[in-house]
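A short worksheet on the structure shown next.
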Amino acid sequence: MKNFDELIQIVHKNPQKKKVVVVAAHDEHTLEGINRAYENGIIIPILIGNKAKIESIIKKEGFSFLEAEIIDINDDIEAARVAVQMIRERKADFIMKGKLQTADLLKQVVNKEYGLKASEVMSHVGLFEVPSYHKLIVITDGGMLPYPDLHQKAMIIKNALSVLSKLGYDMPKVAALAAAEVVNPKMKESVDAAELKKMNQEGDLTDCIVEGPISYDLMISKEAAEIKGYESPVTGDTDILLTPDMTTGNLLAKSLMCSAGARMAGIIVGAKAPIVLVSRGASSEEKYFSIVLAAAASE
């Protein structure tokens, strides 16, 4: 896909609107993103939170979803528990975080008794539209795992692949990023990148093409790779950027957005349903695109 317009087209091809359950929905910015997705025929909202505040925001802002189901629960933890239960009972397709602490939501999602964890690893998948790049690109993981080990990195890749497969991708190209394109025993990320490529070549990590270690400039530019004599089908045509750690992923994402005009959608995957979990400071556009991505990635 070249841009978010194509992502929206994919969602519109599904005649069945997805149901999103919003936890602690008494938040103006969250409801703004919900309203845009609702008006564009993408979702049906179920709102959990302080009913009086939710109705006040809807009336004040003139939002369209006047008949949305509202579940009046003021306790954040209970609201999160009910949302998780609704996913388990297939009454909703994905979750969106509203005005509550991230930890309060995720504790219910990973609860061993009734939670939604479906994979060993839950990770953040950020989908970016970068003006200078010819197609959408995934950056992972910039929001969940601070210092993933080799096994966790393989799972992070698999989580990203599960999202792209829902979007119609076949054999996505993965760049395991490092500072340079050579293995340095003193730089763990380069060793892990080489191991991930080996796993891919030996059939232990399938349905993709993994390259690594590879530096950002060679990943983004085939010309730069040619100058350095680095041959790979991934150079200049990467679909998934695997960053060495969460800090790197976070910094790269924010650099592209703040300095290169990139637009972003982000979801948490590895649970039984996608989770829209964006920063309180995120724009309504980012919230909207994240809802669209979750709708596309949900069952």
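Each value in this text was obtained by applying a stated rule to the coordinates, not by laboratory testing. Model, not experiment: these values are computed from the prediction. Here the Cβ positions follow ideal geometry from the backbone for every residue, glycine too, while neighbour counts run over all protein chains shown.
Table for the structure above
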{"read-out": "Overall form of the chain per C-alpha gyration tensor (a/c, 1.5; a/b vs b/c)", "value": "prolate"}
{"read-out": "³J(HN,Hα) computed for each position of region 111-125 - Karplus, 6.51 cos²θ - 1.76 cosθ + 1.60, integer Hz, glycine/proline x", "value": "3, 5, 7, 9, x, 10, 4, 10, 10, 4, 10, 9, 9, 9, 10"}
{"read-out": "Positive-end residue of ILE137, ASN184, ALA262, charge dipole of region 123-263 with Cβ unit charges", "value": "ALA262"}
{"read-out": "Cα centroid separation, region 1-69 to region 171-223 (Å)", "value": "38"}
{"read-out": "Cα-based helix-to-principal-axis angle, 188-201 vs the chain, degrees rounded to 10", "value": "90"}
{"read-out": "Burial ordering of TYR288, TYR114, fewest other beta-carbon atoms within 10 Å first", "value": "TYR114, TYR288"}
{"read-out": "DSSP-defined antiparallel bridges as percent of all bridges, region 123-263, nearest 5", "value": "30"}
{"read-out": "Residues listed by number, region 135-152, amide nitrogen under 16 Å from ASP204 label point at 7 Å toward C-beta", "value": "149-152"}
{"read-out": "Order of ILE34, ILE44, ILE268 under a 10 Å beta carbon neighbour criterion, fewest first", "value": "ILE44, ILE268, ILE34"}
{"read-out": "Shape of region 123-263, Cα gyration tensor, a/c cut at 1.5", "value": "rounded"}
{"read-out": "Cα long-axis angle, helix 150-166 against the chain (0 to 90 degrees, to the nearest 10)", "value": "60"}
{"read-out": "Residues in region 248-292 reached by a label modelled at LYS166 [backbone nitrogen below 19 Å; 7 Å Cα→Cβ]", "value": "264-279, 286-292"}
{"read-out": "Span from the region 128-143 Cα centroid across to the region 227-299 one, whole angstrom", "value": "5"}
{"read-out": "Formal net charge of residues neighbouring ASP237 (Cβ-Cβ distance under 9 Å; K, R +1; D, E -1)", "value": "+2"}
{"read-out": "Check: the chain dipole with +1 on Lys, Arg Cβ and -1 on Asp, Glu Cβ, in debye", "value": "580"}
{"read-out": "0 to 90° range, to nearest 10: angle between helix 246-259 axis and the chain longest Cα axis", "value": "80"}
{"read-out": "Sites ASN184 and VAL110, calculated FRET efficiency, Cβ-Cβ separation with R0 51 Å, nearest 0.05", "value": "0.90"}
{"read-out": "Sum of -39500 (n - 2.57) over DSSP H runs of 4+, divided by residues of the chain (222 nm, nearest 500)", "value": "-12500 deg cm²/dmol"}
{"read-out": "Selected from LEU196, PHE63, CYS208, residue furthest toward positive end of dipole (the chain; charges at beta carbon)", "value": "PHE63"}
{"read-out": "Ranked ASP237, ASP170, ASP141, criterion: other C-beta atoms within 10 Å, fewest first", "value": "ASP170, ASP237, ASP141"}
